[in-house]
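The values are calculated or read from the model by the stated rules, or taken from the named source; none is laboratory data. This one's a predicted model, so the numbers in the text were calculated from it and none came from an experiment. So basically every Cβ, Gly included, is an ideal-geometry build from the backbone, and we count neighbours across all protein chains shown.
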Amino acid sequence: MLKWVLTLVLAIFLLGILTPHLARFIRFGQLPGDFKWRMGGRDYRFPIASILLFSCLLWLLGRIL
C-alpha cells in the first residue's frame with residue numbers, strides 16, 4: 001500500500017513540475033474547441049478539446065502497454 005501512495009505522490013509531483021513546460025510545446029488549451037473568456041479581469045479556460053485529445057492518447061498508450 002505504501003508503494004502505491006509513494007508512486008502516486010511522485011507522479012503528481014512530476015506532473016506538476018513538467019506540465020507548464022510541456023504546455024508551451026503542445027499548445028495545451030489553444031486547440032479549436034477549447035473555450036476561453038475574460039470576466040472581471042480574470043481569464044477562464046475550459047480546454048475541452050485538449051482534454052479529449054490527451055485522454056485518447058493516454059488510452060491508446062495504455063492499450064499498447
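What number of residues in the range 1-11 are of a type outside the set (Ser, Thr, Tyr) and either closer than 17 Å to LEU57 by Cβ or surrounded by 10 or more Cβ atoms within 10 Å (Cβ to Cβ) (or both)? Number of matching residues: 5.
The condition of being at pLDDT below 90 and out of contact with any Gly (no Cβ under 7 Å at 6 or more places or on another chain) holds for only one of LEU60, LEU65, LEU6, LEU10, that being LEU65.
Looking only at residues in the range 1-31 that are among the small types (Gly, Ala, Ser) and part of a helix (DSSP H, G or I), which one is nearest to ILE48 (Cα to Cα)?
Filtering the range 1-31 down to residues among the small types (Gly, Ala, Ser) leaves 11, 16, 23, 29.
Cutting the leftovers down to part of a helix (DSSP H, G or I) gives us 11, 16, 23.
Values: ALA11: 23, GLY16: 20, ALA23: 15 Å.
Here the residue is ALA23.
Candidates are the residues of the range 25-57 that are surrounded by 10 or more Cβ atoms within 10 Å (Cβ to Cβ) and among the basic types (Lys, Arg); the one that is modelled with the lowest pLDDT is ARG27.
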